Structure formats: C-alpha cells, structure tokens
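Right, one structure below, let's go through it.
The values are calculated or read from the model by the stated rules, or taken from the named source; none is laboratory data. No experiment lies behind these values; they were computed from the predicted model shown. Glycine gets a Cβ as well: all are built from the backbone with ideal geometry, and neighbour counts include every protein chain shown.
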Amino acid sequence: GNSVTQMEGPVTLSEEAFLTINCTYTATGYPSLFWYVQYPGEGLQLLLKATKADDKGSNKGFEATYRKETTSFHLEKGSVQVSDSAVYFCAHTRGSTLGRLYFGRGTQLTVWP
Amino acid sequence: NAGVTQTPKFRILKIGQSMTLQCTQDMNHNYMYWYRQDPGMGLKLIYYSVGAGITDKGEVPNGYNVSRSTTEDFPLRLELAAPSQTSVYFCASSYSGTSDNEQFFGPGTRLTVL
C-alpha cells in the first residue's frame, strides 16, 4: 500500500536551533516526495519537493533529500526562526494515481524567541 | 488571483442535517480534490475530479457526494450529517495529475456535527 510515517510532534525549539523532522514512506513504484507547510489559519502550501532518488529539494532554508535506499525524506533546517512555527506534512504521490497525495499525520513545530 | 477559496470557514450541524461545502479556483486547473483532516491524522482523499463532468471516489467517500459542472467549482455535499464527519475539510487543485505536480490548497472548512 501507500503510506507515510512522520515524526510525531509537537516539536519545540529555540530560535536558531537545528531542525530535523523525520519522514519515511511506503510506496510501490517511484513516487515523488513533498513537504507541505500549514501556517496558522491557512491552507497547506508546498514547501519543497523531490521527484527522483538522490534529488534534494530546498526552499526558505529548508532541505530534504530523496533517499530511496532508506525510503526517507527527512526535513532539515540549520537555523529555525519564530516565523517557521507551523505544521509540516510529508506526502507522496505517483503519476498512476492521478496526482492524489498520501499524507503523514503532520508535525507541529513551535519556535520560541 | 485568489487561488483556491472555500466557504464557509466554520459550520456546526446537527445530526441528519445536510450542507454543501463550496470550493472555487481561479487558476484554470483541471484537477480538483477534497480532503478531510481529522485531529492528529494526515489528510485523506474523499473525492477528486480530473475535469468538468468527471469525478471519482478517493479513500473515504462514504457519506459525501460531489459534482463538477464547471472547471472552477467543485462543491462537496453532505446529505445526512453524522458525528464521524466532524473534521476539517480542504479543497485543492492542480494543473495536471502528473506525480510531480503541486497541489494548491484552500484555507479549509472546520465542520462540527453534534
């Protein structure tokens, strides 16, 4: 089947701390991998993506590398800011499934000044 | 561009009542999706549409209906509301259904059924 296992939250960090949110997936074939972010009171928005093995997606200082050998797509940021406080969702899809996304449960991140 | 808009933002229903959640996108996207998000869980696909006049079931379609008469609109209908349908509902759209295609989400509708 298709599933996503995501690190449980909540995660609380001080500003400028290093962030890792783990994500592993189960999927047949060759899925594309995504991280979406949901800021308070808003809908989800794409943060970054990777479409093939060893690709690195990056945006706003966040990075994630598509590791096919470990079926993982961990999200990292070297120095978080208060404005990064949000819920982060790992997701994957395959072309044969008409673009439908399979999501993890989401990880709440709170960054304190 | 407004992107994907959803109405209402919040709603409380009594068991057995019906309602329609509205979703509109102004990006001329062919693909549209309805997800529900239960507390502590990831989003699950209810229904999706690959174009006007074409809809299909997702993972959790029971208790819901959809229609797609125009490219822009994709309303979700609850006929007989049940407490199990208490959730946050997100509508999304994308230009195509290829596996690397970004989906754009609305702000969500928080529904409580009492």
*Name the single residue, out of those in the stretch A:43-65 being within 14 Å of chain B (Cβ to nearest Cβ) and over 11 Å from the mean Cα position of the chain (by Cα), that is surrounded by the most Cβ atoms within 10 Å (Cβ to Cβ).*
A:Leu44
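May I ask you to say which residue of A:Ala50, A:Ala91 is out of contact with any Asp or Glu (no Cβ under 7 Å at 6 or more places or on another chain), over 28 Å from B:Gln6 (Cβ atoms) and at pLDDT 90 or above? Step through it out loud before you land on a result.
Numbers: A:Ala91 fails: over 28 Å from B:Gln6 (Cβ atoms).
Unique residue meeting the criteria: A:Ala50.
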*Taking the stretch A:75-86, which residues are over 29 Å from B:Thr7 (Cβ atoms), within 14 Å of the chain's Cα centre (by Cα) and buried (at least 18 other Cβ atoms within 10 Å of the Cβ)?*
A:Leu75, A:Lys77, A:Asp84
*Residues that are more than 7 Å from chain A (Cβ to nearest Cβ), among the charged types (D, E, K, R) and closer than 18 Å to A:Leu44 by Cα, drawn from the stretch B:70-114*: B:Arg110
*Residue check, A:Glu63 against (1) touching a Leu at 6+ places or on another chain (Cβ under 8 Å); (2) farther than 26 Å from B:Arg110 by Cβ; (3) in contact (Cβ under 8 Å) with a residue 24 or more places away in the chain; (4) charged (D, E, K, R), all met but one. Which one?*
(3)
*Report yes if some residue within the stretch A:24-36 is more than 24 Å from B:Cys91 (Cα to Cα) and in contact with a Gly (Cβ under 8 Å, 6 or more places away or on another chain); otherwise report no.*
yes
*For the subset of the stretch B:47-104 comprising residues that are modelled with pLDDT under 95 and among the acidic types (Asp, Glu), which member is farthest from B:Lys9 (Cα to Cα)?*
B:Asp100
*Name the one entry in A:Thr24, A:Thr70, A:Thr5 that is in a loop (DSSP other than H, G, I, E, B) and either within 26 Å of B:Lys44 (Cβ to Cβ) or within 10 Å of the chain's Cα centre (by Cα) (or both).*
A:Thr70
_If I ask for residues that are more than 8 Å from chain A (Cβ to nearest Cβ) and under 29 Å from B:Ser69 (Cβ atoms), which ones from the stretch B:39-52 would you list?_
B:Ile46, B:Tyr47, B:Ser49, B:Gly51, B:Ala52
*Search the stretch B:96-114 for residues that are among the polar types (S, T, N, Q) and pair each with any residue that is surrounded by fewer than 19 Cβ atoms within 10 Å (Cβ to Cβ) and outside any loop (DSSP other than H, G, I, E, B) when their beta-carbon atoms are under 6 Å apart and the residues are at least 6 apart or on different chains.*
B:Thr98/A:Gly95; B:Ser99/A:Gly95; B:Thr112/B:Ile12
*Criterion violated by B:Arg36 - all others in (1) more than 12 Å from chain A (Cβ to nearest Cβ); (2) surrounded by 16 or more Cβ atoms within 10 Å (Cβ to Cβ); (3) within 18 Å of B:Val88 (Cα to Cα) satisfied*: (1)
*Only residues that are within 11 Å of another protein chain (Cβ to nearest Cβ) and among the hydrophobic types (A, V, I, L, M, F, W, C): list them for the stretch B:24-33, please.*
B:Met32
